[in-house]
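To start, the structure itself, in structure tokens.
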Amino acid sequence: MNGVTTKSIIILLLLLAAASCSRHSQVSDTVARADEIIEQDPDSAMTLLEQVDKDKLAGDELAYYS
């Protein structure tokens, strides 16, 4: 391989690695929103949490939800 192709592959791999590390989902947004409003409006927070698809929770998201 020549130098340009090797550099291109390395850059592509670094971009893919960076993109795979940033996992931000709608589930995270919903749980964060419920956390924000739980003190002022616990019923609405509970409604939001009930709408979360628990099968999509894993790792830190599951801990935060719990």
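The values are calculated or read from the model by the stated rules, or taken from the named source; none is laboratory data. Please read all numbers here as calculations on a predicted model, not as lab measurements. With ideal geometry, Cβ positions are generated from the backbone for all residues, glycine too; neighbour counts draw on all protein chains shown. Just the protein is used for accessible areas: all its heavy atoms, side chains included, with ligands, DNA and RNA removed. Shrake-Rupley method; radii C 1.70, N 1.55, O 1.52, S 1.80 Å.
See the values below:
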{"read-out": "Cross-chain or 6+ apart pairs with Cβ under 9 Å, the range 27-55 first and at negative phi, then acidic (Asp, Glu) and open to solvent by less than 60 Å² (accessible area, probe 1.4 Å)", "value": "27/61; 28/61; 31/61"}
{"read-out": "Pick from the range 28-41, criterion open to solvent by less than 70 Å² (accessible area, probe 1.4 Å) and assigned to a helix (DSSP H, G or I), ranking: farthest from residue 62 (Cα to Cα)", "value": "37"}
{"read-out": "Residues being out of contact with any Phe, Trp or Tyr (no Cβ under 8 Å at 6 or more places or on another chain) and surrounded by 12 or more Cβ atoms within 10 Å (Cβ to Cβ) - total across the range 47-57", "value": "2"}
